[in-house]
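Participant: For reference, the structure I am asking about is given below.
The values are calculated or read from the model by the stated rules, or taken from the named source; none is laboratory data. Just so it is clear, the structure is predicted and the values come from calculations on it, not from any experiment. Cβ coordinates were reconstructed from backbone atoms using ideal geometry, including for glycine residues, and neighbour counts include every protein chain displayed. The protein model used for the area step is the full one, side chains on, heavy atoms only, and it has no ligands, DNA or RNA in it. Shrake-Rupley method; radii C 1.70, N 1.55, O 1.52, S 1.80 Å.
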Amino acid sequence: MQLEYILKSYARYAPVYDQTFGWLLSFRGRSMAAGVTNKRPGKVLEVGVGTGISLSYYRREHEIHGIDISPDMLARAQKRVNKRKLTHVSNLSIMDAQEMDYDDGSFDAVVAAYVMSVVPEPQRVIQEIERVCKPGGDVVIVNHFTAEKGFRRNFEAMLAPLSNKLGWRPDMPVEEILGNTALREVRRYTLPPLGMFTLLHLKKDY
Ligand SMILES: C[S@@+](CC[C@H](N)C(=O)[O-])C[C@H]1O[C@@H](n2cnc3c(N)ncnc32)[C@H](O)[C@@H]1O
């Protein structure tokens, strides 16, 4: 995935995102991800916040920060915040998740929903997420990971050369996240439709 393709793709998707991908990806992943953070109020970072479709799932006692590389997607998120008076959203910033401007241990929880397959270097993103999360904090990743074997695996491998055109990588193994972080896996949930998505709840123990 190359940055210029990502910016171009999301400039195109932004006006129709909520009615297309936003809707297609709406099977529980976002509400469950916010649910993990909602157990206690805190400072929460949403990475790749997009049009802000998840923002209303977070409890109002949180202080929510959102970042995204696409100004077009973020402009939609800001509109949503203003229109729905989402006062728990403290800040929305254009920022590369591979190189965040935040200090170490800035957030009680970090969420990245449907982002890891879209960024050029997901290993850098998970390392940045780990860095900006406080000790004892929670990390939630929702993503499509490639199947281990079978028809789906073959189909995903066939689609892989089209990644730049699709705007996401269909063949990303979960090890690309878990193998590049010291975050501990707390729980893994398989999500609809057809078990194609996974929610990883991770914890920073140190
Ligand atoms: C599929 S959308 C998901 C948006 C939102 N999380 C949701 O649930 O609908 C992926 C988002 O990741 C953003 N993104 C891609 N690369 C990024 C990067 N390097 N840093 C921050 N955001 C990035 C895109 O601009 C886009 O808004």
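Participant: Hand me the GluC sites (Glu not before Pro) from region 1-92 located in a DSSP loop with no more than 12 other Cβ atoms within 10 Å, in residue order please.
Facilitator: Those satisfying the criteria are Glu61.
Participant: Please work out the ratio of the alpha-carbon Rg of region 84-138 to 2.2 N^0.38 Å and round it to two decimals.
Facilitator: 1.20
Participant: Another question, if that's okay. Using just the alpha carbons, could you tell me how many Å³ per residue the convex hull of region 1-108 encloses?
Facilitator: 103
Participant: Oh, and also: Taking the simple approach of a point 7 Å from Cα along Cα-to-Cβ for both Gln78 and Asp96, what is their distance in nm?
Facilitator: The two pseudo-label positions are separated by 2.1 nm.
Participant: Once the principal axes of the Cα atoms of region 83-183 are found, what is the range along each, listed largest first in whole angstroms?
Facilitator: Largest first, region 83-183 extends 44, 37, 20 Å along its Cα principal axes.
Participant: How big is the accessible area of Asp72 in square angstrom, nearest 10, if you roll a 1.4 angstrom probe over the protein chains?
Facilitator: Asp72 exposes around 70 Å² with every protein chain in place.
Participant: For Phe151 and Leu86 in one chain, what is 0.36 nm times their gap in residues minus the Cα-Cα distance, to one decimal in nm?
Facilitator: Roughly 19.1 nm would be gained on extension.
Participant: How many nm separate the modelled label positions at Lys43 and Ser56, each set 7 Å beyond the Cα in the direction of the Cβ?
Facilitator: In this crude spin-label approximation the distance works out to 2.8 nm.
Participant: Sticking with this structure for a sec: Within region 100-134, whose backbone N sits under 19 Å from a point 7 Å along Cα→Cβ of Leu166?
Facilitator: Inside the label zone: 113-123.
Participant: Moving on to the next point. So for Tyr58, Tyr10, what's the accessible-area order with a 1.4 Å probe, most first?
Facilitator: Largest accessible area first, the list is Tyr10, Tyr58.
Participant: With Rg and the Kirkwood Rh both taken from Cα atoms, where does Rg over Rh land for the chain?
Facilitator: Rounded to two decimals, Rg/Rh equals 0.94.
Participant: While we're here: Restricting attention to region 120-176, which trypsin sites (Lys or Arg not before Pro) occupy a DSSP loop and are surrounded by at most 15 other Cβ atoms within 10 Å?
Facilitator: Counting only loop positions with at most 15 other Cβ atoms within 10 Å, the trypsin sites (Lys or Arg not before Pro) in region 120-176 are Lys149.
Participant: Set the Förster distance to 22 Å, then compute FRET efficiency between Arg124 and Glu63 from the Cβ-Cβ distance, nearest 0.05.
Facilitator: For Arg124 and Glu63, the calculated efficiency is 0.30.
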